[in-house]
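The values are calculated or read from the model by the stated rules, or taken from the named source; none is laboratory data. All figures in this text were calculated on a predicted structure; none of them were measured in a lab. Virtual Cβ from ideal backbone geometry, glycine too; neighbours counted across all protein chains shown. Heads up: the accessible areas ignore ligands, DNA and RNA and are worked out on the full protein's heavy atoms, side chains in. Shrake-Rupley method; radii C 1.70, N 1.55, O 1.52, S 1.80 Å.
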Amino acid sequence: MTSIDTNIGDGTWLKAYYFTRAAFSVAWVALAFTLAEDMPGIVAAMLILYPAWDAAANFVDARCNGGLGSNPTQALNVLVSTVTTIAVVITLGMSMNAVLAVFGVWAALSGGFQFGTGIRRWKRHGAQWAMILSGAQSMLAGVLFLGRSQTTVIPQVTDIAPYAAFGAFYFLVSAMWLTVSDWRRHAASRAEPV
């Protein structure tokens, strides 16, 4: 058993996972609004990296929590995010509207799986309301992306950045909520008479 496995029950892994996901999304959004706008190569790399990162993050998280077989919503998320990464590579040669459509399908599906993961984790870890909201908002964003992809307006990476920013916010809120909950639990246990 690794050190990560021994800390799962007390939420240590989950807090670290949420903080890491938030940090990645913040960096991605910052890059989208600064350097990437005038650098098509960086934009392409960012659009490929985003779903690839999601696939890797869900894979590692599921593995640290009993494996993909014990976490079916995350297993499906790994699959969908991997297929999305490939689809983004293909559609980058077509148009940004096609890329946005791929992101729309991905956001809707992965949001549903995140919603399911949040509900499943609530019993064990609590404090999953932000992940459930994030999943629901991701599904809505997916529908909006799909609608926008059908217009004549050419999307930019900055059109996807707010979606990533909300993801960062929800991951950060979840990490902070678990941290505060742990502090309260530890304080209460120290206050109990021996």
Let me have the 222 nm mean residue ellipticity of the chain computed from DSSP H runs of 4+ only, each contributing -39500 (n - 2.57), with the sum over all residues rounded to the nearest 500. -28500 deg cm²/dmol
Folded to 0 to 90 degrees: helix 72-91 orientation relative to the chain principal axis, Cα: 20 degrees
State the extension gain, in nm to one decimal, for the chain segment bounded by R190 and V89, taking 0.36 nm per residue of separation less the distance between their alpha-carbons. 31.0 nm
Expressed as an acute angle from 0 to 90° and rounded to the nearest 10, what is the orientation of the C-alpha long axis of helix 96-125 relative to the principal long axis of the chain? 10 degrees
GNM on the chain, Cα springs under 10 Å; top mean-square fluctuation among G118, G135, G147 goes to G147
Compute the angle between helix 129-149 and the longest alpha-carbon principal axis of the chain, please, reported from 0 to 90 degrees and rounded to the nearest 10. 0 degrees
Taking a probe of 1.4 angstrom, what is the accessible area of M96 in Å², to the nearest 10? 40 Å²
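Enumerate by residue number the trypsin sites (Lys or Arg not before Pro) in the range 88-167 meeting two conditions: DSSP loop (anything except H, G, I, E, B), and at most 13 other Cβ atoms within 10 Å of the site's Cβ. Let's see the in-between values first.
On the way: sites: R120, R121, K123, R124, R148; in loops: none.
Hits after loop and neighbour filter: nothing returned.
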